[in-house]
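Input: a single structure, listed below in structure tokens.
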Amino acid sequence: MVTVTDILGNSEPLLVSELHIENTLCQVGQLDFTTWNTDENKIGYDMLTPRAVITVPETGQMYRLSENDGADQGQYRERTLTALPVIQDLNDHYVRGTLTGSQTLDACMHFITDGTKFSFTIHGDMPSFNFTDNFGAGHALDLFLNTLITNFQWEFTFDNYHLDLFKQIGRQDAFVLVDGDDLHSLEDSADYTTITTQVHGEGKMDDNNNPTVQADYVSPNAAQFGYIDADPYQDDNVTDVNVLKGILPSKVQDFPLVEFTATLVQFSNLSVAGSKNDITVGNYGYLRSRSGVDVKIRISSSDLYPQSSDNDSTVTFGNLKLEPAAITARLQAARDSSGREIEDIKKALASSNANALPMITDQDALSHLAQIGGE
């Protein structure tokens with residue numbers, strides 16, 4: 001069940017099914033659900049009109065209807081709806097003025113939220129940013145997501161009409177997910193094609209279209225992966241070479257990306273020590289599986305079904321950093337293990353007692369055994 005509030009301010013409960021909440025780190029996210037025009041649902045169903053607000057009782061979060069699709073299902077009319085968090089209302093406001101020069105994050109936030117119902121809190125100190133081009137003349141949410149968050153390199157959360165800005169969001173040690181306890185399946189995906197180890201950057205261009213500042217960055221990981229160019233970086237707002245040098249390390253992807261997706265058995269209770277998991281996007285915790293995965297991770301997105309036991313909620317832990325040193329250590333450990341098994345095999349072959357042959361499990365060792373004629 002959810003609550004529907006129409007544009008006149010009237011509120012009514014609404015029975016729904018397949019209620020699905022999608023949250024992604026520093027993005028808007030969305031809500032999806034299905035409902036129908038049964039007799040007990042008629043009032044709330046008829047209130048599903050443009051600009052209606054849906055409130056989810058489990059979270060207290062409000063969503064503005066964005067899509068409303070209907071189809072006949074027997075004697076009833078079924079509707080499948082999508083709604084966006086009310087932070088989307090920030091885009092109702094078009095900022096007509098502009099700012100330029102050195103600006104604080106606080107000044108920019110006041111600038112884009114002035115005249116709206118939105119409030120904000122900035123947690124921590126942040127150096128000013130020098131806008132060599134005008135900032136403004138656009139929809140407020142676009143300016144917030146695509147300019148302020150990018151230029152100041154901060155993260156954010158929102159609670160309906162209030163925004164909180166942090167250098168980095170999330171709590172440490174917020175959860176421990178254990179295979180067979182809190183999760184019943186674990187998938188992983190690794191992408192090696194995105195690795196880059198060096199980048200050239202340029203700042204503001206002069207009247208002859210030449211950069212006033214430029215710099216190069218080479219990652220220490222180039223020693224392991226080689227010299228792989230990232231796309232050149234250019235920003236007209238950068239006029240200081242030291243600022244440019246500070247930006248460039250973030251423009252290379254100098255480690256493989258490994259992503260885990262866990263299907264959760266129970267996403268609120270944790271049996272270990274009787275504590276509770278907090279799987280809020282941005283939080284840090286630990287993932288442990290029976291296959292040897294034991295890593296500290298950060299939640300990058302979640303797909304939750306808070307009102308249904310028939311749908312599995314999942315969380316995704318994105319962009320885990322696999323250090324070159326760890327890769328090298330793993331390769332060396334595998335090589336050492338293979339070497340020991342091969343030596344054992346040679347000793348066993350030289351023995352007249354066939355029963356002395358050890359159990360062979362290492363695939364590399366088995367390959368080497370085949371090469372030397374063992375069975």
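Applying the condition of being among the polar types (S, T, N, Q) and assigned to a strand (DSSP E or B) to the range 55-74 and asking which residue is modelled with the lowest pLDDT yields 73. Given the structure, is residue 192 surrounded by fewer than 18 Cβ atoms within 10 Å (Cβ to Cβ), of a type in the set (Ser, Thr, Tyr) and over 20 Å from residue 99 (Cα atoms)? Yes: the conditions hold for residue 192. Within the range 7-27, residues that are under 15 Å from residue 316 (Cα atoms) have Cβ atoms under 9 Å from residues that are acidic (Asp, Glu) and assigned to a loop (DSSP other than H, G, I, E, B) in these pairs: 21/58, counting only partners at least 6 apart in sequence or on another chain. On the stretch given as the range 69-108, residues that are open to solvent by 60 Å² or more (accessible area, probe 1.4 Å) and either more than 29 Å from residue 137 (Cβ to Cβ) or aromatic (Phe, Trp, Tyr) (or both) total 10. Looking only at the range 77-97, which residues are touching a helix residue (DSSP H, G or I) at 6+ places or on another chain (Cβ under 9 Å) and assigned to a strand (DSSP E or B)? Those that are touching a helix residue (DSSP H, G or I) at 6+ places or on another chain (Cβ under 9 Å) and assigned to a strand (DSSP E or B): 77, 79, 94, 95, 97.
On the basis of being modelled with pLDDT of 95 or more, on the phi < 0 side of the Ramachandran plot and over 27 Å from the mean Cα position of the chain (by Cα), does residue 102 make the cut? Spelling it out, it is not the case that residue 102 is modelled with pLDDT of 95 or more, on the phi < 0 side of the Ramachandran plot and over 27 Å from the mean Cα position of the chain (by Cα).
Picking from residues in the range 152-189 that are assigned to a strand (DSSP E or B) and among the aliphatic types (A, V, I, L, M), the one that is surrounded by the most Cβ atoms within 10 Å (Cβ to Cβ) is 177.
Check whether at least one residue in the range 17-28 is touching a Pro at 6+ places or on another chain (Cβ under 8 Å), open to solvent by less than 60 Å² (accessible area, probe 1.4 Å) and of a type in the set (Gly, Ala, Ser), and report yes or no. The answer is no; no qualifying residue exists. Please identify the pairs in which a residue from the range 244-264 that is modelled with pLDDT of 85 or more and of a type in the set (S, T, N, Q) has its Cβ atom under 6 Å from the Cβ atom of a residue that is open to solvent by 30 Å² or more (accessible area, probe 1.4 Å) and not in a helix (DSSP H, G or I), counting only partners at least 6 apart or on another chain. Pairs found: 253/194.
The values are calculated or read from the model by the stated rules, or taken from the named source; none is laboratory data. The structure displayed is predicted, hence computed values, not measured ones. Neighbour counts are summed over all protein chains in view; Cβ atoms, including those assigned to glycine, are modelled from backbone coordinates with ideal geometry. Accessible surface areas use protein heavy atoms only, side chains included; no ligands, DNA or RNA. Shrake-Rupley method; radii C 1.70, N 1.55, O 1.52, S 1.80 Å.
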